[in-house]
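In what follows, a single structure is set out as structure tokens and then discussed.
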Amino acid sequence: MTDSGTAGHRISRRRFLATAGAGLFAILPNRGHAGQAARRIGPNDRVRVVVIGNGGMGTRHTEALCANPQCELVGLCDVAKGRSMPLLEKVKTWLGQPVPVYQDFREVLARPDVDAVFVVTPDHWHPLLTIMACQAGKDVYVEKPVCTTVEEGRAMVEAARRYGRVVQVGTQQRSIPVFQKAISLVRGGRIGQVTHATAWVGVNGWQVRQENYTDPPKGLDWNLWLGPAPWAPFSMERYMDWMGWHDYARGGQLTNWGIHLVDVLQWGIGQDRPLSVQALGGSYRGNAGQDNYETIEAVLEYAGVTATWEQRHSNTHGGKGYGIAFYGTDGALFVDRGSFVVETADGRREWVGEPEKSWAYPPHHDNFFECIRTRNRPAADIEQGFRSTSAVLLAGIALKTGGKLRWDGDREQFIGNAQADRLLRRAYRAPWHL
Amino acid sequence: MRKVAIAFVAAACWVMAAAALEGASLPAEGDRITVTLDVLLDRLAGADDQVRAQARQIIPRYGADAVPGLVKLLAREEAPVWRTAFICLRDIAHQPAPVTMDQRVAAPPRVAVQRALAGVFLENASEALVRRALDLMPQVWAEGDDPAPVVALLDRPELREAALRALNETATPMCLDAVARFAEDTSRDPVARREAAMALIGLSGWSEASARARRLLADPDPGVAAVGARLLAESGEPADWSALRSAAGSLPPDIPDSLRFEFWDACLRFVDRAARAGGQWELAMAWYRDILASAPDTVTASGAVMGLARFGDETAVPDLLAVLDRPDAEQLANPALSGLLALRGRAAGRAIVDRWEQLPEDFRAAIVEHWGTSGGDFEAEWANDRARNADRPVRRAAVRGMVKGSRTAAAECLAAYLDAFPDEPFDAWELPLRRYAAEMVWGDEAMKRAAALAALQLVRRSKDEETVFEAMRWLKAYPVPEALDVLKAEIRSGGLSGVPTDALAALAATMIRDGDRENGLALAREALAGASPENSGKILTALTAGGIAPELTELLGVIRSWQVLGPLPWQISAGFSGAFAEEPQIDFSAEVDGSGGKVTWKSVKETGPLGEVNLAGVLGMVEGAAAVAVCRIVVPDPAKAVLRCGSDDGIKVWVNGKAVFENDCDRGMAPDQDLIPVELNAGENRLTVVVTQRAGGWGFQARLTDEQGGPLQFSVVP
């Protein structure tokens, strides 16, 4: 559901249209550029990158990129100057010099000298930014979840393939040694044939709160922030806690952490197309009207494997507040970002990995840059990121529809449920379109 | 009077009914509350969030009955109330139709919700309520439900966006036709028309789609026409190509570049659709070439290059290489390389190899890496060749690709590469090699061997304790001769427990055969020590597979020297009773009545690798007979031992005149079929064996070990 333009709020859409500038309503203003494909990166060249989205996650990426000799930061971009300007001050410290700052990403895409962009915006912008960047000839690193609907995700994959772009997804666990080691054990048969896997996390704390509508802060282009999402007047509650709102994040913790953990789950079992999905949940302490539930239990069925997603209060397994567990005929393996534990008839062994320093993981960046040079598919290619995202999106759809949904992973639609199929896509607010 | 009585009775009934109703209403506070739908709706609308959360779970169970009350709450201003009502209505809309026991299917609850929402659109409802109803519409409207009330909202600017969204997400043919009609209506505001047109993007397959798209393509408004192009791109039908291509090619020169891009991008999407649909491949390739030659921007040209590669064949290779000679080569090099990587098929691979020297070095490296990872047989072979013969950067890329692609030869290639370039840092290879080993262990013998070779690299070069631990586990599961140095170190440290004994035995045999007798025997002892009866046969087979058993005689305790007498008369029905109830008389100088004449003792010293005595060869082919075999075992001290025998057919054993075992059976011979505990005196011990012959093969073998199956110090008196 949306909460667009509740009666009585005079901070209206019309006012924004008037102030946003005629450029927004040029004939088809989706594209602000003429398509110019990026140059070929030589072995001694540095990849020129711009980070779009300068909030917390964007700051982490920017810091890591400034320290990476394989790339050169050549710009920052955010619809809110209140985010990009403080980050610019840090960049000056890190690089010893400023970089250009943009408010409208289309200006970034129009720069022929930009090789790649990092998309670190709220979720609802991930698909369109990625597609438009591909259409602008840029390679893309896009944060997870890659999309808010299955249709968007497929369009992103198509764009990457159609225009021949490298698109890496921010599921950096694919590049973290502790996961690579754990998965090599699972795939190598250490615990026998895996018949069940589970991913778990704590409760979803992002909530839809009572909104107090005000003017947007100075320097924030609210209309551009909303982008393809339905129009809604500005409130600080919506802007700061967008993860609780279904229009911007389709699941809260389900899509925030869900994709990371289900990605590893699917990696371990070697499958990415569930046969069916069922889910139950709700917000039982209050806030019954929000779509991003607090507590969720979902079951995904794969060929030969049942998988569960658990999201609830006080959720620990073996003392770990999140993680993935694989259960096989000869034992079990538990893994999180810090360690993995193998329990077999031989006993229990725990291996501790390097402590995680940042959510922006340099080796994952390096893999991206290397693939820009070789044009090979990266470790977390967009197709894979889409499959991991779509698994949790399907769980979200099952929450809404009730019952067991059977999924055709090749045709990417439900079997015998046209009503549920409608939830695989969403309309975009004009002038934006996929 | 009668009328008065009737009136009085009626009044009394009314009073009683009223009293009954009064009793059915909510009791006083403190009494037990009956939870009715009304109560639940009140709770949903109340101030207590937790109570509302509980009501939210239960209300949908009332199905269609709850709809009117929920719609009223949907109109409320308080966000928690209307949001919860919204979710309840959505839940109800998804409920299946109830089925009665007489198999009648009632209307699904969705119908009640749809009717209620239609009412909202038709009444003069508040803007907020209409918006919420529009948000529900996609989950509620079925194909036959008339969207007209919603279509009428397109004329209200403040609701147009929400109405378009609802119609787009509902996407029934009626909804889409209505939106298309709105977009085609040139009397309307152009901005509104464009918005409506955009709402159709991505939706195809409804019967009017292509016709609508053509009309929009011909629209005088270039923005609407661009959307028409995009819609027509969804068709992929050859009949639509010329209209689309013509529109792209005849744009006025002053049209903004961004809009020009939309038309050409539509052409590209159209050809992608046509190529994917199949049946018009040659047309699609021709269209891609047309776009590549004519596109006004390098992104569209990139798409054409990718299209030729994704859907094309070897005939696309010259096109992909030709872009490197264009003025805009710098922008097309990436898609050219991506395209070369995307091509499939042996002919395409051959076409690329034929032009190998024309390719820039970075292209060659990228291609061999890709082919090593996921190429077909031809490409993989080329990658294999480059992994051994190319210059370092290309060689490295090829090896890396082969490791990623789990190629059987990858482990060897990597070992050779690392030997050739000792300065190569191993860190970057570690995790890919682990993944490689993990995949290969599931394969055939060659793949398992490759996994072991990979594990060997990890053991030798990794500095990570956990990696080395796991790699040793893999190596122990499949020990390879190349790992001798590692396994020797493990022998010295006593770390070979858990290794499959037959695998150890096979390795021991290889080591002995290759001249490392001392370590091979050490490994063989490990394999034999504590082997279960089931495994000991496997171990013996593995140890003798290379024909080296004579060198293991001492270790295996094989008895090779016998005195044999026969064939002696014997009947199957007698078993070991009768002539063989007691130990036969042993007089090596005697001449005895055998089957078919007199027989004397013979000395047998030529036996098989495991001491097999071929009685049929020594004594002749007979049926229904028996043979006696005797040897003298000398041990330095009293010993408890295990005599491990195999026989064809039955066997009975005496040690120092005492019967210790018999097995009257009909079988073929195999090593260690019977394990017989025996007690030996210090010095000389007589071992007597009778072996029966029913028909066919005839023989026996025996070896003597300690109780654990390990070597026993003994000698045989010749």
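The values are calculated or read from the model by the stated rules, or taken from the named source; none is laboratory data. On a predicted model such as this, the values are computed, not experimentally measured, just so you know. Quick reminder, even Gly has a Cβ in these numbers, built from the backbone with ideal geometry, and neighbours come from all protein chains shown. Areas reflect the complete protein model, heavy atoms only, side chains present, ligands, DNA and RNA absent. Shrake-Rupley method; radii C 1.70, N 1.55, O 1.52, S 1.80 Å.
Quick notes on this one:
- Odd one out for B:I559 among (1) β-branched (V, I, T); (2) under 14 Å from B:R703 (Cα atoms); (3) at pLDDT below 75: (3)
- Yes/no for B:G30 being at pLDDT below 95 and of a type outside the set (F, W, Y): yes
- Qualifying positions in region B:272-288 - more than 10 Å from chain A (Cβ to nearest Cβ), outside any loop (DSSP other than H, G, I, E, B) and crowded, with 16+ Cβ neighbours inside 10 Å: B:R273, B:A274, B:A275, B:A284, B:M285, B:W287, B:Y288
- Residue list for region A:201-235, restricted to those being modelled with pLDDT of 95 or more, away from chain B (no Cβ under 14 Å) and either closer than 22 Å to A:D336 by Cβ or under 23 Å from the mean Cα position of the chain (by Cα) (or both): A:L220, A:D221, A:W222, A:L224, A:W225
- Count of region A:71-91 residues which are out of contact with any Lys or Arg (no Cβ under 6 Å at 6 or more places or on another chain) and open to solvent by less than 80 Å² (accessible area, probe 1.4 Å): 14
- In region B:203-231, residue surrounded by the most Cβ atoms within 10 Å (Cβ to Cβ) [restricted to those that are within 14 Å of chain A (Cβ to nearest Cβ) and touching an Asp or Glu at 6+ places or on another chain (Cβ under 7 Å)]: B:A226
- The set of residues in region B:196-231 being at positive phi and part of a helix (DSSP H, G or I) is empty.
- Counted residues, region B:168-194 - those being surrounded by fewer than 20 Cβ atoms within 10 Å (Cβ to Cβ), within 14 Å of chain A (Cβ to nearest Cβ) and in a helix (DSSP H, G or I): 4
- Number of positions in region B:93-127 that are at the interface with chain A (Cβ under 10 Å from one of its Cβ atoms) and either among the acidic types (D, E) or assigned to a helix (DSSP H, G or I) (or both): 3
- Of all the listed residues (B:L341, B:L324, B:L332), the sole one being within 14 Å of chain A (Cβ to nearest Cβ), under 25 Å from the mean Cα position of the chain (by Cα) and assigned to a helix (DSSP H, G or I) is B:L341.
- With respect to (1) open to solvent by 10 Å² or more (accessible area, probe 1.4 Å); (2) farther than 20 Å from B:L332 by Cα; (3) more than 10 Å from every other protein chain (Cβ to nearest Cβ), the lone exception for A:M156 is condition (1).
- Every pair of residues 6+ apart whose Cβ atoms lie under 8 Å, when the first sits in region B:120-138 and is within 12 Å of B:A162 (Cα to Cα) and open to solvent by less than 10 Å² (accessible area, probe 1.4 Å) while the second is of a type in the set (S, T, Y) and part of a helix (DSSP H, G or I): B:M137/B:T170; B:P138/B:T170
- Subset of region B:232-246 that is open to solvent by less than 20 Å² (accessible area, probe 1.4 Å) and either at pLDDT 90 or above or under 21 Å from B:P190 (Cα atoms) (or both) - its residue that is nearest to the other protein chains (Cβ to nearest Cβ): B:A233
- Residue that is nearest to B:S561 (Cα to Cα), among those in region B:696-712 that are outside any strand (DSSP E or B) and either among the small types (G, A, S) or at pLDDT 90 or above (or both): B:W698
- Any chance B:A348 is among the small types (G, A, S), at the interface with another protein chain (Cβ under 9 Å from one of its Cβ atoms) and open to solvent by less than 20 Å² (accessible area, probe 1.4 Å): no
- Looking only at residues in region B:602-623 that are open to solvent by less than 30 Å² (accessible area, probe 1.4 Å) and of a type outside the set (V, I, T), the one that is nearest to B:L540 (Cα to Cα) is B:L610.
- Checked against (1) open to solvent by less than 10 Å² (accessible area, probe 1.4 Å); (2) within 8 Å of another protein chain (Cβ to nearest Cβ); (3) touching a strand residue (DSSP E or B) at 6+ places or on another chain (Cβ under 9 Å), A:G164 passes all but condition (3).
- Per-region count, region A:325-343, residues in a loop (DSSP other than H, G, I, E, B) and open to solvent by less than 20 Å² (accessible area, probe 1.4 Å): 2
- Identification of helices (runs of 4 or more DSSP H) wholly contained in region A:346-434 with 3 or more residues that are surrounded by 22 or more Cβ atoms within 10 Å (Cβ to Cβ) and touching a helix residue (DSSP H, G or I) at 6+ places or on another chain (Cβ under 7 Å) yields A:362-374, A:382-401.
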